[in-house]
Amino acid sequence: QVQLVESGGGLVQPGGSLRLSCAASGSIGSVTTMGWYRQAPGKGRELVAAISRSGYTNYAESAKGRFTISQDNAETTVYLQMNSLKPEDTAVYYCNIKIILQGDYWGKGTLVTVFS
């Protein structure tokens, strides 16, 4: 069993910053990627950013230049630094981990609200 615990969401004004963290624990095998997805009200879940075991990163167009994904050396914690936040970034942000021969695991989500 793998558990993912997210933290760092909250309320912020446009132009502000937040840092999300996601810590993985449990029976973790070989991780291929860790990432962040988000789901806004009435919309589907979408990829925000992901980072591979080797450090390769992938960002949604909306996140490029504003968000930065990183991970710790043990590859069990992933961070998402979000700068220049916009109202359209308001969503529940979910952590995801992909593990070889184990599959995908998801956190319960953390709410980010950007309001003016």
ask   = Picking from 38, 45, which residue would you name as being out of contact with any Ser or Thr (no Cβ under 6 Å at 6 or more places or on another chain), charged (D, E, K, R), open to solvent by less than 50 Å² (accessible area, probe 1.4 Å) and at pLDDT 95 or above?
value = 38
request  = State the number of residues belonging to region 68-85 that are farther than 20 Å from residue 13 by Cα, within 12 Å of the chain's Cα centre (by Cα) and open to solvent by 40 Å² or more (accessible area, probe 1.4 Å).
outcome  = 3
task = Quick one: count up the residues across region 86-95 that are more than 10 Å from the chain's Cα centre (by Cα) and closer than 19 Å to residue 58 by Cα.
result = 1
ask   = If you go through region 54-67 one residue at a time, do you hit one that is crowded, with 17+ Cβ neighbours inside 10 Å and touching a residue at least 60 places away in the same chain (Cβ under 8 Å)?
value = no
remark   = Among 112, 92, the single one that is assigned to a strand (DSSP E or B) and open to solvent by less than 10 Å² (accessible area, probe 1.4 Å) is 112
query = Going through region 95-104 one residue at a time, which ones are out of contact with any Ser or Thr (no Cβ under 7 Å at 6 or more places or on another chain), in a strand (DSSP E or B) and surrounded by fewer than 18 Cβ atoms within 10 Å (Cβ to Cβ)?
reply = 103, 104
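The values are calculated or read from the model by the stated rules, or taken from the named source; none is laboratory data. The model shown is predicted, which means the values in this text are computed figures rather than measured ones. All Cβ positions, glycine included, derive from the backbone under ideal geometry; neighbour counts span all protein chains shown. The protein model used for the area step is the full one, side chains on, heavy atoms only, and it has no ligands, DNA or RNA in it. Shrake-Rupley method; radii C 1.70, N 1.55, O 1.52, S 1.80 Å.
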